[in-house]
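Here the structure comes first, spelled out in structure tokens, and everything after it is commentary.
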Amino acid sequence: MTETPGRRRAPGMNAQDRREMIVAAALPLLVEHGSAVTTLQIAKAAGIGEATVFRAFADKDELLDACVSAALRNDLVLAELDAVPLDQPLAARLTEAAATLHAYLDRMGAVIGALHGSGRRGERRGPADNSATGGRAAAVERTRQAVIRLLEPDRAALRLPVEQLAALFLGILMGRRGEHGGAETPVETLVDVFLHGVVDPASDAT
């Protein structure tokens, strides 16, 4: 394979940065094409020659594995959650968090779903490699801690410990992805139900 004339060689970019750039270009193509996406399509989207893809990754499978790992990473989401101002009302804090987490889940689900739908089942891992499980558990815990931070300023006004409420809040968001039929419940509604319950205060229901 040779470099396509006119393609840039990303001067000054180290190997890790080049891999991340290629993965970023590949992710939207995976959502559209699944594992049928070609390295040539990815190279064009990244603005590089196809040979550069194979200098960064041993083969297409290694590139797809890197894309799955990138879809599962929640570093950027955690940074966004950490940036939510604590001087906002609790409802505003949680609504912002819910919107951020929902966007992340949508992106992750789109990539994984596209790959599974085209016949690929996750990353290639050795039988003794349990890094994915540990990584997911750590990511879930870091996300829970980020939600705890958002609840903490109102701890004294809440009926349950913030640690328990953070788990409940994340459970509601995850359940939203499993809704059947119709449009998904808006995050504002979910936050309102989470904070105030399902009973209309104007009704006599208990």
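The values are calculated or read from the model by the stated rules, or taken from the named source; none is laboratory data. What you see is a predicted model, and the numbers here were worked out from it, not measured in a lab. Surface accessibility is based on the protein's heavy atoms, side chains included, excluding ligands, DNA and RNA. Shrake-Rupley method; radii C 1.70, N 1.55, O 1.52, S 1.80 Å.
For 19, 136, give me the order by solvent-accessible area with a 1.4 Å probe, most accessible first, ignoring ligands, DNA and RNA.
Sorted descending by solvent-accessible area, the residues read 136, 19.
Two-decimal Rg/Rh of region 13-60 from alpha-carbon positions, Kirkwood Rh?
Answer for region 13-60: 0.93.
Which whole-number value in Å² is the accessible area per residue of region 59-101, probe 1.4 Å?
43
Stokes-Einstein at 20 °C, 1.002 mPa s, Kirkwood radius from Cα pairs: D for region 44-123 in µm² s⁻¹?
143
Accessible area of region 33-84 with a 1.4 Å probe: how many percent of it is carbon plus sulfur?
54
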